[in-house]
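A.B. asks: Attaching a single structure in structure tokens format; questions to follow.
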Amino acid sequence: MVILTDQKLKVCPTCLRPNNTEYNLTLTEQKLLTYINEYKTKNQKSPSWMEIRDHLNQRSTSNIHRVINKLKDNGFLDYIIGKKRSLTVLRFK
């Protein structure tokens, strides 16, 4: 367990880093954010997870789920659980 100073900082559950630290995106995360941004601009709605999977040449949506949750934990994306096509880009690097 990571113990920080007396300040109560939120810690990312996957990487155990404080959420206020700078986060460098991986190539897959950059491609995902770019694709979601372009798709929403063109189609006025978010892509489905299957469409994202196909665009990134992944074999399963569980990989997409992992990447999307990592981006959500780091404040780049948000979505509503149980609602289809609800991905929202919060910040774009």
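The values are calculated or read from the model by the stated rules, or taken from the named source; none is laboratory data. Fair warning: this is a prediction, and the values are worked out from it, not measured in the lab. To get the accessible areas, we keep the full protein, side chains included, count just its heavy atoms, and leave off ligands, DNA and RNA. Shrake-Rupley method; radii C 1.70, N 1.55, O 1.52, S 1.80 Å.
A.B. asks: Compare D78, D54 by solvent-accessible area with a 1.4 Å probe and give them largest first, with all protein chains kept in place. Before the final figure, lay out the partial values.
C.D. replies: Values: D78 65, D54 90 Å².
Ranking D78, D54 by accessible area, largest first, yields D54, D78.
A.B. asks: Keeping every protein chain in place, order E38, E51 by accessible area at 1.4 Å, biggest value first, i.e. largest first.
C.D. replies: Ranking E38, E51 by accessible area, largest first, yields E38, E51.
A.B. asks: Hey, if we sort T28, T41 by accessible area with the 1.4 Å probe, largest down, what's the order?
C.D. replies: Greatest to least solvent exposure: T41, T28.
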